[in-house]
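The values are calculated or read from the model by the stated rules, or taken from the named source; none is laboratory data. Quantities reported herein were computed from a predicted structural model and do not represent experimental measurements. Cβ: placed from backbone, ideal geometry, glycine included. Neighbour counts: every protein chain shown.
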Amino acid sequence: MERQLTVSLLSTKLLIPPPQRALVPRPRLIEQLNRGLERKLTLVSAPAGYGKTMLLSAWANECRVPVAWISLDDGENDPTRFLTYLVAALEKFRPGVSEYIFELLQSPQTLHAKNRCRF
């Protein structure tokens, strides 16, 4: 039986912004992002307006591995909503992963260790 997602998602939040033509090249930062592929997590942190989105957009468009993108706003500070977007982004690369996870997200029960999805 196919499960239906009851949370409304904006598909534009899952699209990588196109890189700007007038982008200042940042080869050192791109190289650091590429080295981050060898790690479990890379955090990019800077104040607003410092070019994080444009840097990551340029990197994602030339990256040789799949990149899942989520544009977040203040409204996505709800864990269920955030996880829903995260799973929707992952679904592009792992079709079927969402079925089990969305079922858990919509469950009134708290997620327990025994309910972990293995993919």
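So the check is Cβ under 6 Å with 6+ separation or different chains; which pairs have a first residue in region 55-77 that's in the same structural domain as Val87 (by TED's automatic domain parsing) and acidic (Asp, Glu) and a second one that's in a helix (DSSP H, G or I) and exposed (fewer than 15 other Cβ atoms within 10 Å of the Cβ)?
Pairs found: Glu76/Phe82.
Among the listed residues Val44, Val87, Val97, which satisfies the condition of being surrounded by 13 or more Cβ atoms within 10 Å (Cβ to Cβ), among the β-branched types (Val, Ile, Thr) and within 13 Å of the chain's Cα centre (by Cα)? Outline the logic, then answer.
Details: Val44 fails: within 13 Å of the chain's Cα centre (by Cα); Val97 fails: within 13 Å of the chain's Cα centre (by Cα).
So the residue among Val44, Val87, Val97 that is surrounded by 13 or more Cβ atoms within 10 Å (Cβ to Cβ), among the β-branched types (Val, Ile, Thr) and within 13 Å of the chain's Cα centre (by Cα) is Val87.
In region 69-100, how many residues are under 30 Å from Lys52 (Cα atoms), assigned to a helix (DSSP H, G or I) and at pLDDT 75 or above? Outline the logic, then answer.
Just the residues of region 69-100 that are under 30 Å from Lys52 (Cα atoms), to begin with: 69-95, 97-98.
Remaining after also requiring assigned to a helix (DSSP H, G or I): 74-77, 79-91, 97-98.
Keeping just the survivors that are at pLDDT 75 or above gives 74, 77, 79-91, 97-98.
Selection size over region 69-100: 17.
All but one of (1) among the β-branched types (Val, Ile, Thr); (2) closer than 22 Å to Leu90 by Cβ; (3) modelled with pLDDT under 90 hold for Val44; state the number of the condition that does not hold.
The number of the failed condition is (3).
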